[in-house]
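Structure first, commentary second.
Taken together, the values in this text are just the output of simple stated rules run on the coordinates, not laboratory data. This structure is a prediction, so every number in the text was calculated from the model and none was measured. For neighbour counting, all protein chains shown are included, and Cβ atoms are generated from backbone atoms with ideal geometry for every residue, glycine included.
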Amino acid sequence: MRRLRWAPLLLLVVALWVVLAGDQPADAPAHPEIHDSEGRPVPAEAAHLVDLHEFSPDLILDIRYAREDNVFGRALYPVARALCARGTAVKLARAQQALAAQGFRLILWDSYRPESVQRRMWAMVPDTRFVADPNVGSKHSRAAAVDVSLADADGNPLLMPTDHDFFGPEASPSWPDHPPEVRRRAAILAEAMRGAGFFQGTTEWWHFVDNDYRQYPLLDVPLDVPVPAP
């Protein structure tokens, strides 16, 4: 008789299991593998990135960290390649269009920077005014920051407040003693970038960060990683 008392409870448990099992969705189909423009498979952590040379062919690439003529005196990137989060790239293209209407082109000095490179930079210049502490993380390592300058419509670099990575007060956007024409160009660049959805660094006139940078993770994928075709 004692066993019969458990029978209704057992039936209830079985019925509940059947109901819950029926509510579970079927196994979702696997996502098709993403490939880059050369047919190479794209790793998941790079699926939101784009190659700016492919995405914005009119952008002038001058990737200083792929050469030795930078402030660190050594090549920090193995390839002269510019990667960026797709959303950030869209905003950069918007800024390019605004500047093209005024007779300018954008020069890109830097964009995505692997975290391992950021650590090397910090070891050489541990100064938060100019190099982000890798323990906090650089916006460049989120693929959501760019270092840019201006060229004329023919692609000739224009005189701007300083060279890239000038570690001094003259690099500040608020430095008042540059020639009026130089300050005017810097203001045109800043206005176009802000209008496209970026904010400007306080110590570097060339450094602009996507307003939505928080939605992108810190990365340490290599610069030659396959990324989706534009």
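For the reader, a short list of remarks on this structure follows.
- Inter-probe distance in nm under a simple model that places probes 7 Å from Cα toward Cβ, at residue 58 and residue 127: 3.7 nm
- Long-range amide H partners of residue 34 with built H, under 5 Å: 42
- For residue 84, residues with placed amide H under 5 Å, excluding near neighbours: 50, 52
- Taken about its Cα centre, the chain carries a charge dipole of roughly 1160 debye when the Cβ of each Lys and Arg holds +1 and the Cβ of each Asp and Glu holds -1.
- Region 185-230 versus region 35-49: alpha-carbon centroid distance in Å: 21 Å
- Along region 151-168 the Karplus relation, 6.51 cos²θ - 1.76 cosθ + 1.60 evaluated at θ = phi - 60°, assigns HN-Hα couplings of 10, 7, 4, 8, x, 7, x, 9, 5, 10, x, 8, 6, 4, 6, 7, 8, x Hz to successive residues, with x for each Gly and Pro.
- Estimated D of the chain in µm² per second, where Rh is the Kirkwood radius over Cα pairs and Stokes-Einstein applies at 4 °C, 1.567 mPa s: 65 µm²/s
- In order along region 113-118, the phi-based Karplus estimate (6.51 cos²θ - 1.76 cosθ + 1.60, θ = phi - 60°) of 3J(HN,Hα) comes to 9, x, 4, 5, 5, 4 Hz; Gly and Pro are listed as x.
- Since only 171, 107, 92 are under comparison, the one whose Cα sits farthest along the positive direction of the charge dipole of region 44-215, derived from C-beta charges on Lys, Arg, Asp and Glu, is 92.
- Beta bridges per DSSP with both ends in region 44-215, % antiparallel, nearest 5: 90 percent
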